[in-house]
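To start, the structure itself, in structure tokens.
The values are calculated or read from the model by the stated rules, or taken from the named source; none is laboratory data. Keep in mind that what you see is a predicted model, and the values were worked out from it rather than measured. As a convention, Cβ positions derive from the backbone with ideal geometry for all residues, glycine included, and neighbour counts pool all protein chains shown. Accessible surface areas use protein heavy atoms only, side chains included; no ligands, DNA or RNA. Shrake-Rupley method; radii C 1.70, N 1.55, O 1.52, S 1.80 Å.
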Amino acid sequence: MPKYLSISLSIAIFLVFCVTLFSNTLNMPSFDDYDTTIGFIKRIFFDDYTAKGKVEILFGRHNEHRIIITRLAAAAYFSVFHQVDFANLVFFQNLMLLCFFILMLVIMDNNRLLYAESILFASVFLFSLGFWQVSFYYWAGSQHYAVFLFCFLSLFFLNKSQNIKSKHFFLAALLVIIAVFSFGNGFLGLLLGGFMLLVQKKWPQLVAWTVISAVLLWVTFVLGAQVVVERDVPFNFNWMKSLLLTFLGSFAYVNPATNSDININFCMILGTTVLLVWIWLFFKGYPRRNPLLYCMLSMPILTGFVISVSRFEYQAFGGVAPRYMFFTATIPVILMLIFLDLKILRIRHLRILAWAGVLLWGVVYVNNRKALKEMNKDLAQRVIAWQSDPETRLIHFNEAKPSSEALQWAIDNNVVKIPDLNEFQDTETVQN
């Protein structure tokens with residue numbers, strides 16, 4: 001009976017996630033979409049660029065990232081439908097989340113760790129609303145889902161490769177290239193792939209991988225690099241440490257309406273534990289025993305180091321930002337597999353953890369659904385106000401002019417069609 005109950009709960013969690021997705025996704029640009037999607041469509045399809053110029057735009061940097069999947073998907077959609085529908089693009093990006101979940105099930109099966117309870121445990125964290133900004137807005141999910149999906153796929157095939165001429169090695173190299181061009185932390189797949197080949201003593205593949213990595217690292221950090229602007233705030237190690245440790249435990253953040261400091265402190269303690277376990281596994285020799293699972297665990301942890309160094313000024317609160325939390329949602333799932341593999345965790349223990357996870361999922365769902373609705377309401381009301389006053393800030397922390405001009409151009413050229421927003425009308429005034 002518990003087996004079928006766990007499977008039923010996994011299906012229920014997935015269906016609730018899907019219903020929430022289809023009923024709360026807006027066909028509107030938000031935040032980075034004004035540049036990364038609308039601006040990109042304008043430059044590619046409307047401005048007078050040469051073929052070479054368009055390729056440079058496609059592969060060019062967005063801040064410190066390259067976001068080719070985001071751009072390619074938007075361009076492909078516009079090419080077919082001659083309009084950009086942000087809701088449909090969001091649905092597309094969530095297919096990558098579903099593919100990521102299926103990949104995790106395949107990895108569980110390959111490691112003989114596929115149980116009803118492990119499926120439920122994975123469902124709890126991978127179909128969570130904890131990272132709602134990634135799930136519901138195109139500017140986030142099309143990058144975050146893509147980079148982890150292609151990095152993990154690359155590691156999966158690299159682990160299977162037996163020689164430099166094998167199809168698995170070719171697929172691993174191709175997929176890591178896509179990952180590098182999907183988002184800023186994609187380069188970590190290069191480092192982890194090299195580490196995997198090193199511990200497996202696959203020397204010919206390691207040499208080839210090193211050459212590929214050298215080229216891609218040069219592309220990532222040198223080619224087209226922008227001048228680094230000095231920060232107003234000098235680097236603070238304590239702030240960086242607080243963000244890192246909170247980030248690593250953020251999969252337990254429930255976004256409470258009150259006493260969030262208590263929850264953040266708990267995440268920090270949990271994150272410290274995750275970091276210590278990761279180090280302990282290294283010295284225990286686990287990378288040699290199961291390099292795939294160890295490298296998979298290392299991906300979100302190393303991502304935490306990258307984020308904490310580049311965003312240190314946000315301190316501990318930055319570690320629970322919903323736009324980053326898909327990365328950390330993978331941590332408990334991979335740790336579960338590692339502990340099952342080491343026989344530290346037994347099925348009877350996993351059953352208890354899975355049920356606790358369902359409770360956590362429910363609290364996270366209720367709190368973050370409110371946050372999602374509030375964000376959607378704010379975005380819609382800004383567009384309503386903008387229709388009367390173009391000086392309204394469509395992005396609350398930026399000047400009004402760039403996004404206002406982008407949206408007006410998109411409407412004038414029938415690139416974007418603003419949906420009926422009457423349900424969001426009320427007496428509140430948008431704050432600029």
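Pairs of Cα atoms nearer than 8 Å and 6+ residues apart set the relative contact order; for the chain it is 20 percent.
Show Asp48, Asp85 ordered by accessible area, largest first, where the area counts protein heavy atoms only and the probe is 1.4 Å.
Working: Asp48 155, Asp85 40 Å².
The most accessible residue leads, giving Asp48, Asp85.
Ranked by solvent-accessible area (1.4 Å probe, protein heavy atoms only, all chains present), the residues Thr272, Thr25 order from largest to smallest as Thr272, Thr25. Computed log10 I(q)/I(0) for region 1-72 at 0.20, 0.27 Å⁻¹: -0.86, -1.17, from the Debye equation with unit scatterers placed on every C-alpha and solvent omitted.
Quick one: putting +1 on the C-beta of Lys and Arg, -1 on the C-beta of Asp and Glu, what dipole do you get for region 172-326 around its Cα centre, in Debye to the nearest 20? Kindly include the intermediate steps, with their values, before the conclusion.
Details: 9 positive and 4 negative charges, 132 e Å.
Charge dipole of region 172-326: 640 debye, to the nearest 20.
Between Gln315, Gln387, Gln205, the Gaussian network model of the chain with springs among Cα atoms under 10 angstrom shows the greatest mean-square fluctuation at Gln387.
Restrict the search to region 369-420; then list the GluC sites (Glu not before Pro) that DSSP places in a loop and that have at most 13 other Cβ atoms within 10 Å of their Cβ. Mind showing how you got there, number by number?
On the way: sites: Glu374, Glu391, Glu399, Glu405; in loops: Glu391, Glu399.
Answer in residue order: Glu391, Glu399.
Looking at region 27-120, which trypsin sites (Lys or Arg not before Pro) are DSSP coil and have at most 10 other C-beta atoms within 10 Å of their C-beta?
The qualifying sites are Arg112.
Taking every protein chain into account, the 1.4 Å probe leaves Cys99 with about 70 Å² of accessible area, to the nearest ten. Hey, which lysines would be in cross-link range of Lys160, C-alpha to C-alpha under 22 Å, not counting anything within fewer than 8 residues on its own chain? Excluding near neighbours in sequence, the set is Lys201, Lys202.
Helix screen, the chain: DSSP H segments with Cα axial length of 30 Å or more and mean Kyte-Doolittle hydropathy at least 0.5 are 2-24, 86-110, 138-160, 260-284. Ligands, DNA and RNA excluded, the heavy atoms of Phe156 present near 20 Å² of accessible surface to a 1.4 Å solvent probe.
Average 1/r across all pairs of distinct alpha carbons in the chain, invert it, and you get the Kirkwood radius: 22.8 Å. Among the listed pairs Lys42/Lys377; Lys377/Lys417; Lys3/Lys343; Lys370/Lys401, those with a Cα-Cα distance over 25 Å are Lys42/Lys377; Lys370/Lys401. The label-point distance for Val233 and Lys284, in a model that sets each label 7 Å from Cα toward Cβ, rounds to 3.6 nm. For region 361-413, with all protein chains in place and a probe radius of 1.4 Å, 50% of the accessible heavy-atom surface sits on carbon or sulfur.
Here Arg289 sits with roughly 140 square angstrom of accessible surface, probe radius 1.4 Å.
Pick from Ala173, Ala51, Ala116 the residue whose mean-square fluctuation is largest in a GNM of the chain, springs joining Cα atoms under 10 Å. Of the options given, Ala51 has the highest mean-square fluctuation.
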